[in-house]
Structures are given as C-alpha cells and as structure tokens.
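**Student:** Encoded as structure tokens, here's the structure I'll be asking about.
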Amino acid sequence: MDRAADREGVPAWARRFVAVYLAAFLVCGLLGFEAWPLTGWRLFADARQARQPGWQAVTVDGAGRETPVPFRVLPAGFQGDVQVLKGFPDLSPGERAAVCQAWADAVERRSGGRVAAVRVYRTETDVSHRVGERGAPPVRTLYWTCPQGGAGAPG
Amino acid sequence: MRRAETLLARLEGCVFAPGDPRRLAALRIGLSAILAVRLATGPYAELAGQPAALFRPISFLRLLDAMPPPGLVAVMQVLAVAAAVLAAAGAAARVTLPLAWAAAVPLIAMTSSLGKTAHNDVLLLLCLVPLLPAPTAEAWSPAARRRPAPGRWPAPAPGRWPAPAPASRRYGWPVRTVLVVVAGAYFFSGLAKLLHAGLAWVASGNLRWALYASSDAQPHPNPAALLVADRPWLAHLLAAATLLVELGFPLVLWRPRLAWLFVPAAVAFHAGIWMAMRLDYWPMASTVLVVMVDWPALADRLARRGAGGPAVAGAPSGERPASSAADRR
C-alpha cells in the first residue's frame, strides 16, 4: 500500500477526489449552475401555461406556397430548431440569413424542389383549446423573411 | 462548528465504508456497456455534418466555431466504442475506461450543442467519473479470473470464479459516490421544479399543457399523452408522484431497501415519458438500474439456487467475504 494510503486502504488522493467531485456536483445541483457535464438538472422545471409562445419556420416555393420546415425528418444537426428559433431575435441579419440558408439547403436536398424564401413566424398556441385530438392552430405573426440569396427583412 | 465537523465525519464514514469488489465490477460492466451501446448508436456522424450557422456549443465545445469534422468524429466514435467494450469486459480497465470516457465526452457534448442540454446521457457520464481511478477490474474480469492473489483468494475449481476479494474501503467509495450522484440527480431535478415553478408544478395545469403540446408536436396524436392530459385529476396525481419520487430519492442512501420503491418508480417514470412524449431517457433509466441493484447479492442468490450451495470457491477464514451486507451498510 502506498504511503499516502491511510490505514484502512483509502489513498489520501481518493478522499480529496471524492470531496472535490461531490462538492462540484452538489453546488451545480443546488445553484442550478451549468458546467456540462455537471448540470443544474433543470428537467421540465418551468410550469407550462396553456397559452404557449413559440416559433415556426416555413419554406416558400416559387408559387408562393408555404410548407413548414420538416425538422423532425432532417438530419440530427437540424433538430435544435426550437432553440435556434427561440434565439432568432438575438441574431444579426447575417446570422439569420445563414440559418435560413442552412434550412433551405436541407429542404432542397430532401425534396429536390427549389426554395424561394424562408419565413419565420412568431406563434401563440392555446393548447387547452382542443379540436378533436389536436390543438387549435396557433395564431401566427410574420417576424422575418429570408429571400434566397438576400439578407432578409422584417415581416 | 463542532456539529458540522461531526456531520462531515459521519458522511465521510458512510462514503468510505467497505464495499464488495464485485459491486464495483458490476458498475464497470453495466455502465461501460450502456456507454458502448449509446456511442455505437448515437447520431454523431449526422451532427458532424451540421452547418456552422446552427451550431450552439455547450461547455468546452465553445472553443470551436462548428461541430468537429466528420473524419475526426468517426475516429473518436470507433475509439470510444472499442474502449468501452474492452472496459466492460474488464480488459486493461485502468486504461480503457478512462479512454472511453474521455472520447465519449466530446461526442456526447455534440448532442447538447443544438441549443439545449440533453440530460439523457449526463447521469451516465457523471456516474462513470468515480470509476475512472478506481480498481474496478479486481473482480469479474479476465485478470481477476487468471490471477487470484496468492494466499488470499483460493484458486477456484475449474469453471468457477475465484472467491472475491474481501470487502474493502478501496472498493466501497466509488460505489457510494455513484449512489450519491444518482440520488442527487433525481433530488436536484425535483428541487429545480420547486425553485422554478413552486407548487404550481403540481397544482396548475402544467403537466396537462406539457403533454398536450408534446402530443400536438408529434406526427400523430399520442394516446398516452392524451390519456393523462384529458384527465386533470390524473395529471395532478402523476405530477405529485413525480415530485415525490424525485425529492424522496435520496432516502435510498439512508434506507437501501427503499430502492425497491424508488428504482421501479424511476424506471416507470422514464418509460412513461417515452410513451407520452417520445423523449428517450433509456440511458438514464438503465444507469439507475445498474447502479441501484445489488448485483453481487443477486448473483449469489441465483448461484445458490442453481448449485444448492455457495457458488464461490470460498473466502479467507477470519475475513468476511465481500458481501452485499457490507455494501448495503
């Protein structure tokens, strides 16, 4: 047994290691601090309301038809749509154009069709308002339009 | 001050109590196996192809402007899976387990770099940390089978495992640290709900609205989500049960028999989330199972039932064999 080990077989470094590790784990948990992989464990921590604000991204084809971007069937790298859209107002026009371009390219690769523009809507959904087994359609307000090859504009 | 010191000393005494080397080995096998499956089936190649404009890095990935390149990700994935499989098998676990963890962390960080922390692999990663420097392969490994310590562990009969090493504090602290992490994860999940939403998490329509929104976001209405969301009393009951299980989970550290209540409840909770919301928390549920079940005690019971007597080759006289009783203390 090495010299640093105490008489019961636990090395001194192990005691320090456990103390530091558990302290970091407990501090992150108690304070809700994120230092991934240490985390504040905020899983569904907020109370949801019936009226839920959200976002929707749609592509527009040459004939002006809108189709919601099918994020769920796009590759995994595109499935952070909820968070990307939530942060959309904080992006610069150039960053918004890059995001729209990424979505348009993915949709074109998948469908083979051409995307003329990407529109981003703010939505408000009242999930307590049910129509059969589905919620009533959200109320939408156009927030931003990204024309393909252009910088984009509000509304 | 003196009281705090006494409390700390008692806590230290609990964490550093003797433990069964097989229980530690079971953690190595189970957690490494979950990690291997998770890494082999994860969407890392797809994530590597993500356009840089969509990259929302977490933690140390903030050092990068985009996801790591596909070639590097493929190499890391192969390395991590191979190391995790070897660690599960107990082959050079002192090297392969840390290697698997180190290669897994950036890969799993990629899945949380879409804008939101994905918690489903976090518990697994955190539970592996105490195992990294621990003697995890001194039981249930090829080395333990080949080389029982001379004089301490009698050579096993052909086809039998050697008697396990005696219970020791060397094997106890990693297991107990992991138990604290699992209990803490659930407790802090419940605490975050109380701190951010208060009792409204149970008393308001919170769970109903969450389930309706989840069902509406799925391609087809989800019958399990609607079953609960359409019945306010059931939604309140499940919300209250969730909070009770999460906040009460640390009781298993004090009374291990309560694991019979909390572990099935936690697994059922994750299964329910998958059924209603299609959120995949199987790595978290299986981590809980691997950590909370006393596998050596189970193995002993099965072996006794199968052989009609003790399954191990014997234990040194005067020393208690590595028993689950010691580990449950």
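The values are calculated or read from the model by the stated rules, or taken from the named source; none is laboratory data. If you're wondering where the values come from, they're calculated on a predicted model, not measured in any experiment. When we count neighbours, we look across all protein chains shown, and the Cβ atoms used for this are built from the backbone with ideal geometry, even at glycine.
**Student:** State which residue is nearest to the chain's Cα centre (by Cα) when the search covers only segment B:56-66 and only residues that are within 7 Å of chain A (Cβ to nearest Cβ) and not hydroxyl-bearing (Ser, Thr, Tyr). Can you show your working first?
**Tutor:** Filtering segment B:56-66 down to residues within 7 Å of chain A (Cβ to nearest Cβ) leaves B:56, B:58-59.
Adding the requirement that they be not hydroxyl-bearing (Ser, Thr, Tyr) leaves B:56, B:58.
Numbers: B:Arg56: 27, B:Ile58: 22 Å.
In this case the residue turns out to be B:Ile58.
**Student:** Return the pair list, or none, for Cβ contacts closer than 9 Å from residues in segment B:213-238 that are touching a residue at least 60 places away in the same chain (Cβ under 8 Å) to residues that are in a helix (DSSP H, G or I) and among the basic types (Lys, Arg), at least 6 apart or on different chains.
**Tutor:** Pairs found: B:Gln218/A:Arg72.
Residues are listed down the side, and each one gets a yes or a no for (1) of a type in the set (Lys, Arg); (2) surrounded by fewer than 21 Cβ atoms within 10 Å (Cβ to Cβ); (3) at pLDDT 95 or above; (4) on the phi < 0 side of the Ramachandran plot:
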residue: B:Ala53; (1), (2), (3), (4): no, yes, yes, yes
residue: B:Leu72; (1), (2), (3), (4): no, yes, yes, yes
residue: B:Val105; (1), (2), (3), (4): no, yes, yes, yes
residue: B:Met110; (1), (2), (3), (4): no, no, yes, yes
residue: B:Gly115; (1), (2), (3), (4): no, yes, no, no
residue: B:Ala118; (1), (2), (3), (4): no, yes, no, yes
residue: B:Leu123; (1), (2), (3), (4): no, no, yes, yes
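**Student:** Now for a different question. In segment B:1-71, which helices (runs of 4 or more DSSP H) lie fully inside it and hold 1 or more residues that are under 20 Å from B:Arg176 (Cβ atoms) and touching a residue at least 60 places away in the same chain (Cβ under 8 Å)?
**Tutor:** Working: elements: B:2-15, B:21-41, B:44-48.
Correct list: B:2-15, B:21-41.
**Student:** Can you work out which of the residues in segment A:77-113 that are away from every other protein chain (no Cβ under 11 Å) and outside any helix (DSSP H, G or I) is farthest from A:Ala63 (Cα to Cα)?
**Tutor:** Here the answer is A:Ser92.
**Student:** From A:Val131, A:Val115, grab the single residue that is touching a strand residue (DSSP E or B) at 6+ places or on another chain (Cβ under 6 Å), farther than 23 Å from B:Lys116 by Cα and assigned by TED's automatic domain parsing to the domain that holds A:Gly64. Quick ask: steps written out before the conclusion?
**Tutor:** Working: A:Val131 fails: touching a strand residue (DSSP E or B) at 6+ places or on another chain (Cβ under 6 Å).
Within the list A:Val131, A:Val115, the selection yields A:Val115.
**Student:** Go through segment A:87-116 and give me each residue that's of a type in the set (Val, Ile, Thr) and over 12 Å from A:Pro70 (Cβ atoms). Give the derivation first.
**Tutor:** Taking segment A:87-116 as the starting set, the residues that turn out to be of a type in the set (Val, Ile, Thr) are A:99, A:107, A:115.
Correct list: A:Val99, A:Val115.
**Student:** In addition: Check whether at least one residue in segment B:283-306 is under 28 Å from B:Ala203 (Cα atoms) and out of contact with any helix residue (DSSP H, G or I) (no Cβ under 9 Å at 6 or more places or on another chain), and report yes or no.
**Tutor:** no
**Student:** Then there is this: Going through segment B:16-26 one residue at a time, which ones are crowded, with 24+ Cβ neighbours inside 10 Å and not charged (D, E, K, R)? Show your work before the answer.
**Tutor:** Of the residues in segment B:16-26, the ones crowded, with 24+ Cβ neighbours inside 10 Å are B:19-25.
Once the filter is applied, which keeps residues that are crowded, with 24+ Cβ neighbours inside 10 Å and not charged (D, E, K, R), segment B:16-26 yields B:Gly19, B:Pro21, B:Leu24, B:Ala25.
**Student:** To continue, here is another question. State whether the residues of segment B:44-55 include one that is of a type in the set (D, E, K, R) and away from chain A (no Cβ under 14 Å).
**Tutor:** Residues of segment B:44-55 that are of a type in the set (D, E, K, R), as a first pass: B:46.
Then drop every residue that is not away from chain A (no Cβ under 14 Å), which leaves none.
No, every residue in segment B:44-55 fails to be of a type in the set (D, E, K, R) and away from chain A (no Cβ under 14 Å).
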